[in-house]
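Here the structure comes first, spelled out in structure tokens, and everything after it is commentary.
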Amino acid sequence: MAVTWYPIINKELCAGCGTCVDFCPHGVYEMGDDGYPVVVAPEECVEFCRGCAKICPSGAIAYFGDVEQVPA
Ligand code: SF4
Ligand code: SF4
């Protein structure tokens, strides 16, 4: 199955708090050596979930495949 939806971290906004890594119940993230989350299992991300974006205190998470975020 094609991966059509997964999170993208904006490192310029991310504070490296790790909340998204701890939160995601599907193991999509791991904390990287550089202190930023890494999307290690994009195929596990649940389409339209948006859970991690809602709990990110920095507004640093967007989604590949999110039509609502495509500029008009
Ligand atoms: S959108 Fe949901 S399933 Fe996907 S990475 Fe975030 S919390 Fe995990
Ligand atoms: S919750 Fe937001 S600020 Fe914290 S590590 Fe994840 S993307 Fe970065």
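Listing for the model above:
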{"quantity": "Point-to-point label distance, residue 23-residue 54, nm (Cα→Cβ direction, 7 Å offset)", "calculated": "0.9 nm"}
{"quantity": "³J(HN,Hα) computed for each position of the range 50-60 - Karplus, 6.51 cos²θ - 1.76 cosθ + 1.60, integer Hz, glycine/proline x", "calculated": "6, x, 5, 5, 5, 9, 5, x, 10, x, 9"}
{"quantity": "Disulfide-incompatible cysteines by the Cβ rule (no partner under 4.7 Å) in the chain", "calculated": "14, 17, 24, 45, 49, 56"}
{"quantity": "Relative frequency of Cα-Cα separations exceeding 13 Å in the chain, percent", "calculated": "62 percent"}
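Read-outs: derived from the displayed coordinates by stated rules, not from any lab. These figures come from a predicted structure and were not determined experimentally. Note: ideal-geometry Cβ built from the backbone for every residue, glycine included; neighbour counts use all protein chains shown.
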